[in-house]
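Undergrad: Structure provided below as structure tokens; questions to follow.
The values are calculated or read from the model by the stated rules, or taken from the named source; none is laboratory data. From a predicted model like this one, the values you see are computed outputs, not experimental measurements. All Cβ positions, even for glycine, are placed from backbone atoms using ideal geometry, and neighbour counts span all protein chains on display.
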Amino acid sequence: MSYATLMVYVNVDHASRALFNVAADLADRFSAKLIGLSALAVVPPVVAEGVVIVDHASELELAQMRKSLAEAGERFRAAAGIIRDTEWRSALEIPTDALIRESRCADLIVMQKSDPSIDFYRAPDPGTAIMGTGRPFLVVPGGLKTLVAEHVLIGWQDTREARRAVWDALPFLRQAKRVTVIEICEGDQKEAAHHQVNDVVLYLARHKVKAEGRVETRLTGSGAHQIMGFAEDEGADLLVTGAYGHSQLNEWVFGGMTHDLLTSSAICCLMSH
């Protein structure tokens, strides 16, 4: 198993050089086709007291949007280089919808870390896209020069999403020098957690991945920050985890692991739903 096609989402307003570097390096590493994608949507009319305040975009505005998408494509091609198998796609459409639709042709989606102030007419919502594509996402923080993935940390919970993430991450896991499976649990659940983690370690061994298991008692505060602290202490440079194991709506309202990792992780995160 490998990644034959990678798709990188290019933000028209902020094309991250770090994102381009990571995507291009991974395309080389896995000998994969690299597809760039960007989209912009026309803001719908605003109506107040029965009066249209902002009408549909003019032809001039549409032309400017097409120009912005074309310029994003030029930046993508320049960053990817001429020797790679690349393709550029763009659309005048809600970016999240475009990403979900176009994901059918990719094994892995690469995109930059979520911005809480995101404009969903100009950039995709990572959470909704992760849930809608049926593909794993590699979320890249700003400022990262490359992704080596020498030490991969698997944040384990006994959920469908975590099982899917481990399978989706196998190309990285097989190349890693060190793999750690960690479960953070309540104090009275440590025995069950050890059993689950050991099962994952044995599963990976059958796929020719040598991994070590770790169980930690949950501390006060965010579980995401605890696992990110562990990753920093252990020098992990890629975190693999399931996404929205407790529903996206629940995380929007109460907060949760996926939301915190999307907005706060200092290392790359591979997530699957």
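Undergrad: Given the conditions (1) buried (at least 16 other Cβ atoms within 10 Å of the Cβ); (2) among the aliphatic types (A, V, I, L, M); (3) in contact with a helix residue (DSSP H, G or I) (Cβ under 8 Å, 6 or more places away or on another chain), report the number of the one that MET65 does not fulfil.
TA: Result: MET65 fails condition (3) only.
Undergrad: Another question, if that's okay. How about the stretch 184-222: which of its residues are aliphatic (A, V, I, L, M) and at pLDDT below 95? Let's see the steps before the verdict.
TA: As a first pass, look at the stretch 184-222 and keep what is aliphatic (A, V, I, L, M): 184, 192-193, 197, 200-202, 204-205, 209, 211, 215, 219.
ILE184, LEU219, listed by residue number.
Matching residues to (1) over 16 Å from THR5 (Cβ atoms); (2) modelled with pLDDT of 90 or more; (3) crowded, with 17+ Cβ neighbours inside 10 Å:
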| site | (1), (2), (3) |
| --- | --- |
| GLU102 | no, yes, yes |
| ILE109 | no, yes, yes |
| ALA129 | yes, yes, yes |
| GLY134 | no, yes, no |
| VAL139 | yes, yes, yes |
| LEU144 | yes, no, yes |
| HIS151 | yes, yes, yes |
| TRP156 | yes, yes, yes |
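Undergrad: To continue, here is another question. Restricting attention to the stretch 234-246, does a residue exist that is part of a loop (DSSP other than H, G, I, E, B) and without any contact (Cβ under 8 Å) to a residue 24 or more places away in the chain?
TA: So far as the stretch 234-246 goes, yes, one or more of its residues are part of a loop (DSSP other than H, G, I, E, B) and without any contact (Cβ under 8 Å) to a residue 24 or more places away in the chain.
Undergrad: Sticking with this structure for a sec: Identify all residues within the stretch 180-191 that are part of a helix (DSSP H, G or I), surrounded by 14 or more Cβ atoms within 10 Å (Cβ to Cβ) and not basic (Lys, Arg); write none if there are none.
TA: GLN189
Undergrad: Taking the criterion of being touching a His at 6+ places or on another chain (Cβ under 8 Å) and either more than 29 Å from ALA165 (Cβ to Cβ) or modelled with pLDDT of 90 or more (or both), would at least one residue in the stretch 30-42 satisfy it?
TA: Checked the stretch 30-42: at least one residue is touching a His at 6+ places or on another chain (Cβ under 8 Å) and either more than 29 Å from ALA165 (Cβ to Cβ) or modelled with pLDDT of 90 or more (or both).
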